[in-house]
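**Q** The following block contains the structure, expressed as structure tokens.
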């Protein structure tokens, strides 16, 4: 059970080693938070790392799947803070129900160095109900003093223990009948990280569609027990369909690198791994500038004719040659 007042635990002031249990991971390599410092009763400073050899987040043309990675870093940070500094038990059901973000630059984020990421976070509100509690969080990410990303997120803590959640849905797996997307357009190199089938363009609406490929043995998303498809897996799959689908739809996007510039993802239902998950992208007209292209998109997730969630965002593209020149990962990869 979660105490109604969610008071801070006074014994913690600074944590310089984050155990994997605090971010709900089983493997040390999947822990991206290095230390957390309490600044005030509601404010915290988190230090994170830029991974160099991660099998998922470094499997990218630029070296880093930036938007999904930084959202995951923020998610891990918020979870660890709740466990370490608030009276939130490990057995409390823990759900991310929405997150929005906005990168400061108009072009896709490319780290210039491997210096630590600093995440300044404030827990601005708690709403306590009979069966659950909601935390609203505001965060700002920095590298070398530059504020490159700002966001908000909302977490729900259920008073039901995770031990009471049924696990039958994780026994079976829906097997997609479509072939995997080509790797180059979705900007990855390893087939196991392809999370969507080959994108198709609806001839009537012009919308981009694909099925999710849900591998319950995936080295990152399912390295710990899950009774539903993780939200971060939905986000990564949505990004792959947006980027790969738009490159398929617009020839002038060939030889570009894309990522979300900003967006808001809201989850309304859990995705069962044993049922088909469909993703549909509705795009607006491209905004073509000298150094980048912006395309507003809506990404809609459905299962069994029920909407699971939606991303309302803007995708940003830039020339691949410029990515190689500007990314700190260039010398590491190439």
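Nothing in this text is a laboratory measurement; each read-out follows from the coordinates by a stated rule. Small disclaimer: the values here were computed from a predicted structure and weren't measured. Cβ: placed from backbone, ideal geometry, glycine included. Neighbour counts: every protein chain shown.
**Q** How far, in degrees from 0 to 90, does helix 231-249 lean away from the longest principal axis of the Cα atoms of the chain, to the nearest 10?
**A** 10
**Q** Would you calculate the separation in nanometres between label points at residue 282 and residue 255, each defined as 7 Å from the Cα along the Cα-to-beta-carbon direction?
**A** Those two pseudo-labels are separated by 3.4 nm.
**Q** Now for a different question. For the pair residue 93 and residue 138, how long in nm is the line joining their label points, each one 7 Å along Cα→Cβ?
**A** About 3.0 nm, to one decimal.
**Q** Provide the gained length on full extension for the span residue 122 to residue 291, in nm with one decimal, where the gain is 0.36 nm per separating residue minus the Cα-Cα distance.
**A** 57.4 nm
**Q** For 242, 293, which order do you get if you count the other beta carbons within 10 Å of each Cβ and list the fewest first?
**A** The order, fewest Cβ neighbours first, is 293, 242.
**Q** Mind pulling up the Rg/Rh value for segment 287-334? Radius of gyration and Kirkwood radius, both on Cα.
**A** In segment 287-334, Rg relative to Rh is 1.21.
**Q** On alpha carbon coordinates alone, what is the Rg over Rh value for segment 188-322, Rh being the Kirkwood radius?
**A** My calculation puts Rg/Rh at 0.97.
**Q** So how do 256, 205, 95 line up by other beta-carbon neighbours within 10 Å, fewest first?
**A** So the residues, fewest neighbours to most, are 205, 95, 256.
**Q** Determine the gain in length on full extension of the stretch residue 192-residue 34; use 0.36 nm per residue of separation and subtract their C-alpha separation, reporting nm with one decimal.
**A** Answer, rounded to one decimal: 54.1 nm.
**Q** Any chance you could give the angle, 0 to 90 degrees and rounded to 10, that helix 66-85 forms with the longest Cα principal axis of the chain?
**A** Tilt of helix 66-85: around 10 degrees.
**Q** Can you tell me how much longer the chain between residue 204 and residue 305 gets when fully stretched, taken as 0.36 nm per residue apart minus their C-alpha distance, in nm with one decimal?
**A** Here the answer is 34.4 nm.
**Q** Which three lengths, in whole Å and largest first, does the chain cover when its Cα atoms are put on their principal axes?
**A** 57, 45, 31
**Q** Going 7 Å from the Cα of residue 330 toward and past its Cβ, which residues in segment 48-70 have a backbone nitrogen under 16 Å from where you end up?
**A** 61-64
**Q** Another question, if that's okay. How far is it, in nm, from the label point at residue 113 to the one at residue 215 when both lie 7 Å from their Cα along the line to the Cβ?
**A** Those two pseudo-labels are separated by 3.6 nm.
**Q** How big is the equivalent ellipsoid of segment 199-244 along its three axes, where each semi-axis is √(5λ) from the Cα gyration tensor, reported in whole Å from largest to smallest?
**A** One finds semi-axes of 26, 9, 8 Å for segment 199-244.
**Q** Could I ask something else about it? Which value in Å is the Kirkwood Rh of segment 1-151 over different Cα pairs?
**A** About 16.2 Å for segment 1-151.
**Q** Next question. On alpha carbon coordinates alone, what is the Rg over Rh value for segment 22-108, Rh being the Kirkwood radius?
**A** With Rg and the Kirkwood Rh in hand, the quotient comes to 0.98.
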